[in-house]
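Data first, discussion second: the structure below is written as structure tokens.
The numbers here are math on the coordinates, done by the rules we state, and not lab data. From a predicted model like this one, the values you see are computed outputs, not experimental measurements. Cβ placement follows ideal geometry from the backbone for every residue including glycine, while neighbour counts extend to all protein chains displayed.
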Amino acid sequence: MMKVSCPHLNALVQRYLSWATEEQINLLTDNKSNTKQTNQDAINAAKFNHFTDKDRTNTIGKWLGQYGVLQGDKLRENTDAISTAILKYFKASPNSVKKASHVMRQYESLNSVIRVAGLETRSLLSLTSKALWCRYPNDTPIYDRNAVVALWSLVRLRHDAASYAPEVHDARRPKGIRANQTKVDCADYEVFLINYLALYEEIKPKINEYTKTKSYPYAIRVFDKMLWAYGSKSRDIPERKSIYQKWKP
């Protein structure tokens, strides 16, 4: 297996690549309960494969609910309206995005669409990224708190990556109770996206090399899961169990 030049990324691969791939394979098609929506169900709905309009709306709504991003009374009460608006937007959106600027353009537009449909004024940062991933599953990083913790740690360790500069990026972030929340979400996601892709482009060939042997098509989701694991405090991740079992406070 090829090596990644950055030692910190190489360590991430060694520890989490196999586990993260198996996790994503299970999430893609596994539906043991016959009630949950799989990742492939959500992709099919977003790409208008198979389902009726009603089924697509239900699939997207349930899938987003499973990921815990429809929080608060407004979002839960307007789930159907949000799902319908998302699918309507996808129908008019381009079939592919090839650059970070293209991802950002779709992200900003979709954030506004969801905000109007959900009658919501607070942050839709993670919700928008998860919905957009369904439409562009090879190109959209999912914004997650654990992934952010991991990403900033890796970026600071790897000095030649696109650096996160709080005094610059936070300065351009709209502030105050009158701030446009869509612009706030977009500012935060853009910084996340730029840094994410800077690391992902280096690690992508190695992830692709491994996932092809497992017939898993979405390398970016494996990197998502690796970052989630690195930034998570969970003791249930297999690679950490032995460490926690030996550790005594």
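Using a cut-off of 14 Å between beta-carbons, work out the net charge of the residues near GLY72 (Lys and Arg +1, Asp and Glu -1, GLY72 not included).
Values: positive: LYS74, ARG76, ARG115, ARG122; negative: ASP73, GLU77, GLU120.
Net of charged neighbours comes to +1.
For segment 102-153, what does the relative contact order come out to in percent, with C-alpha contacts under 8 Å and a separation of six or more?
31
Distances over 16 Å make up what percent of all Cα-Cα pairs in segment 62-132? Walk me through the numbers on the way to the answer.
Details: 1069 of 2485 pairs.
Percentage above 16 Å: 43.
Just want to confirm a number: the relative contact order over segment 12-100, from Cα pairs under 8 angstrom separated by 6+ residues, in percent.
Numbers: 54 pairs, mean separation 18.0, N = 89.
Once normalised by length, the contact order is 20 percent.
At q = 0.22 Å⁻¹, what is the log10 ratio I(q)/I(0) for segment 28-150, with the Debye formula run over Cα points and no solvent?
Rounded to two decimals, the profile gives -1.42.
Could you sort out which of LYS62/LYS225; LYS212/LYS233; LYS54/LYS99; LYS36/LYS204; LYS91/LYS214; LYS98/LYS183 sit more than 27 Å apart by Cα distance in this structure? Don't jump to the answer; show the numbers that get you there.
Working: LYS62/LYS225 21 Å; LYS212/LYS233 29 Å; LYS54/LYS99 32 Å; LYS36/LYS204 29 Å; LYS91/LYS214 31 Å; LYS98/LYS183 22 Å.
Table pairs above 27 Å Cα-Cα are LYS212/LYS233; LYS54/LYS99; LYS36/LYS204; LYS91/LYS214.
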